[in-house]
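Student: Below is one structure. I have some questions about it.
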Amino acid sequence: MENILELQQVCKTFPKSNFALEDVSFSLPYGAILGVVGENGAGKTTTIGCILNTIAKDRGTVKLFGKEMSDADTGMREKIGVVYDGDNFPAYWNAKQLCEIMEGLYSQWDHSLFWKYVEKFQLPVKQNIKHYSRGMTMKLAIAAALSHHPQLLILDEATSGLDPVMRDEMLDVFLEFVQEENHSILLSSHITSDLEKVADYITFIHNGRLIMTVSKNDLVYNYAVMRCKESQFLALDPKDIIAYRKRDFQIDVLVSNGKEAQKKYNGVVIDHVCIDEIMLLLVKGERV
C-alpha cells in the first residue's frame with residue numbers, strides 16, 4: 001500500500017538538554033490513522049517537528065506524498081492540516097478574524113466549511129480566543145485545520161482538554177475525515193482510550209527511540225500479558241518475551257500472541273490488556 005508519510009532513520013540531538021531522537025522509522029498509509037504514544041518528553045512533538053520541517057533533523061529522510069518537503073513547498077504544506085498542543089493562534093483574534101486571515105493564506109480555504117464546524121462545535125464567533133476554554137481553543141484549531149481541505153492531518157494532543165462527550169464527537173470527525181481514501185491522520189495522544197477507538201496503527205516512542213509500530217487490531221486481539229510466578233518466568237523461552245516487569249510476587253510478561261502462549265505454557269494466567277498497560281510494560285519493563 002502506498003504511504004502518505006514515511007520516516008527513515010530520523011535523528012535529532014539537543015546537546016543542551018541531553019535529549020536525542022534516534023533512528024525513528026515508521027510509515028503511515030493512505031486512508032489510515034496512526035497513533036503515536038509515549039510519555040511526556042518521549043519525543044512525540046520533536047518527531048512532528050521533524051516531519052513538518054519546523055525542526056531541522058540531523059539526518060534521516062521524511063517523505064510526504066512521496067517526496068521530501070523543502071521550505072519552499074507551499075503547495076505541499078497546503079495539503080497538511082496541523083493542530084498543536086498549546087496556542088495555535090494569537091489570543092487577541094476571534095473566530096471571524098481567524099477565518100479572514102486563513103482565507104488569505106490557503107488557496108483551498110473553505111469559508112462555509114469553517115463556519116459549519118464553528119457552529120457544530122458551538123464556538124462563540126466574536127469572543128477573543130483568550131477568553132476561550134482550553135477545549136474551545138482546541139476545537140477552533142481543529143476546525144481551522146479541516147477547513148482548507150488537507151489530505152494529511154497532524155494532531156499533537158488534539159483531544160486533550162476536551163470532555164469525554166466532546167472527545168467522542170471529535171473522534172467521529174476524524175473517522176469521517178479518513179473515509180476519503182487519500183486522507184490520513186497522525187494523532188499524537190496520551191489518551192490511549194482515544195487511540196483504541198480510532199487508530200489503525202500504534203507507534204510507541206520512549207526516550208527518543210521508537211520501540212515498535214504495530215496494528216491496533218494486533219494489539220487488541222493478539223498481544224497479551226502473562227502473569228507468572230518466578231519459576232514459571234524462568235521456564236519461558238526468551239524469544240517469547242517482548243518485555244517483563246516484576247511486581248511483588250508476580251512477573252508480568254508482554255507477549256505478541258496470547259493464544260499461542262496459552263497453548264505453550266500450561267497453568268500461566270494470560271490477560272488481554274489495554275494500550276496503557278502495554279505502554280507501561282514497554283516503557284518501564286525490562287528486556288531479556
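Student: Just to check your reading of the model, which residue among GLY66, GLY35 is over 12 Å from the mean Cα position of the chain (by Cα) and either in contact (Cβ under 8 Å) with a residue 60 or more places away in the chain or in the same structural domain as LEU162 (by TED's automatic domain parsing) (or both)?
Tutor: GLY66 is the lone residue from the list that is over 12 Å from the mean Cα position of the chain (by Cα) and either in contact (Cβ under 8 Å) with a residue 60 or more places away in the chain or in the same structural domain as LEU162 (by TED's automatic domain parsing) (or both).
Student: Return the pairs, sorted by first residue and then second, in which the second residue is part of a helix (DSSP H, G or I) and of a type in the set (A, V, I, L, M, F, W, C), the first residue lies in segment 133-160 and is over 20 Å from MET76 (Cβ atoms) and in contact (Cβ under 8 Å) with a residue 60 or more places away in the chain, the beta carbons are less than 9 Å apart, and the residues are 6+ apart or on different chains.
Tutor: Listed by first residue and then by second, the contacts come to GLU157/MET138; ALA158/MET138; ALA158/ALA141; ALA158/ILE142; ALA158/ALA145; ALA158/MET170; ALA158/PHE174; SER160/MET138.
Student: If you don't mind, there's one more thing I want to ask. State all residues of segment 118-134 that are within 25 Å of the chain's Cα centre (by Cα) and not in a loop (DSSP other than H, G, I, E, B); if no residue qualifies, say none.
Tutor: Once the filter is applied, which keeps residues that are within 25 Å of the chain's Cα centre (by Cα) and not in a loop (DSSP other than H, G, I, E, B), segment 118-134 yields VAL118, LYS120, ARG134.
Student: Can I ask one more? Please work out which residue is surrounded by the fewest Cβ atoms within 10 Å (Cβ to Cβ), limiting yourself to segment 146-167 and to residues that are over 16 Å from the mean Cα position of the chain (by Cα) and in a helix (DSSP H, G or I).
Tutor: Among residues in segment 146-167 that are over 16 Å from the mean Cα position of the chain (by Cα) and in a helix (DSSP H, G or I), the one surrounded by the fewest Cβ atoms within 10 Å (Cβ to Cβ) is VAL165.
Student: Okay, next question. Just checking: which of the strands (runs of 3 or more DSSP E) contained wholly in segment 181-288 hold 1 or more residues that are β-branched (Val, Ile, Thr)?
Tutor: 184-188, 201-206, 209-215, 224-228, 250-255, 269-271
Student: Considering only segment 6-21, I want to know if a residue exists there that is among the charged types (D, E, K, R), touching a Lys or Arg at 6+ places or on another chain (Cβ under 8 Å) and part of a loop (DSSP other than H, G, I, E, B).
Tutor: no
Student: Would you point out the residue of segment 76-101, among those that are touching a helix residue (DSSP H, G or I) at 6+ places or on another chain (Cβ under 6 Å) and in a helix (DSSP H, G or I), that is farthest from ILE191 (Cα to Cα)?
Tutor: Selected residue: CYS99.
Student: Which residue is farthest from LEU34 (Cα to Cα), if the candidates are limited to segment 205-234 and must be hydrophobic (A, V, I, L, M, F, W, C), surrounded by fewer than 21 Cβ atoms within 10 Å (Cβ to Cβ) and touching a strand residue (DSSP E or B) at 6+ places or on another chain (Cβ under 8 Å)?
Tutor: PHE233
Student: Condition (residue is surrounded by fewer than 21 Cβ atoms within 10 Å (Cβ to Cβ) and among the aromatic types (Phe, Trp, Tyr)) applied to segment 175-187: is it met by at least one residue?
Tutor: Looking for residues that are surrounded by fewer than 21 Cβ atoms within 10 Å (Cβ to Cβ) and among the aromatic types (Phe, Trp, Tyr), one finds at least one in segment 175-187, hence yes.
Student: Further question: Any residue that is in contact with a helix residue (DSSP H, G or I) (Cβ under 7 Å, 6 or more places away or on another chain), surrounded by 19 or more Cβ atoms within 10 Å (Cβ to Cβ) and of a type in the set (A, V, I, L, M, F, W, C) - is there at least one of those in segment 40-58? Write out each step before concluding.
Tutor: Of the residues in segment 40-58, the ones in contact with a helix residue (DSSP H, G or I) (Cβ under 7 Å, 6 or more places away or on another chain) are 55, 57.
If we keep only those that are surrounded by 19 or more Cβ atoms within 10 Å (Cβ to Cβ) as well, we get 57.
Next, from what is left, pick out any that are of a type in the set (A, V, I, L, M, F, W, C): none.
No, segment 40-58 contains no residue that is in contact with a helix residue (DSSP H, G or I) (Cβ under 7 Å, 6 or more places away or on another chain), surrounded by 19 or more Cβ atoms within 10 Å (Cβ to Cβ) and of a type in the set (A, V, I, L, M, F, W, C).
Student: Would you check which residues across segment 244-259 are surrounded by 14 or more Cβ atoms within 10 Å (Cβ to Cβ) and either more than 22 Å from the chain's Cα centre (by Cα) or of a type in the set (A, V, I, L, M, F, W, C) (or both) and list them?
Tutor: Residues of segment 244-259 surrounded by 14 or more Cβ atoms within 10 Å (Cβ to Cβ): 244-245, 250-258.
TYR244, ARG245, GLN250, ILE251, ASP252, VAL253, LEU254, VAL255, ASN257, GLY258 - these are the residues of segment 244-259 that are surrounded by 14 or more Cβ atoms within 10 Å (Cβ to Cβ) and either more than 22 Å from the chain's Cα centre (by Cα) or of a type in the set (A, V, I, L, M, F, W, C) (or both).
Student: Do we have any residue at all in segment 82-91 that's among the hydrophobic types (A, V, I, L, M, F, W, C) and in contact (Cβ under 8 Å) with a residue 60 or more places away in the chain?
Tutor: Yes, segment 82-91 has at least one match.
Student: While we're here: Being of a type in the set (Lys, Arg), surrounded by 12 or more Cβ atoms within 10 Å (Cβ to Cβ) and either in contact with a Leu (Cβ under 8 Å, 6 or more places away or on another chain) or over 17 Å from MET166 (Cα atoms) (or both) is the filter here; which residues of segment 97-137 pass it?
Tutor: Passing the criteria: only LYS130.
The values are calculated or read from the model by the stated rules, or taken from the named source; none is laboratory data. Everything numeric here is computed off the predicted structure, so don't read it as measured data. Don't worry about glycine lacking a Cβ; one is built from the backbone with ideal geometry, like all the others, and counts go over all protein chains shown.
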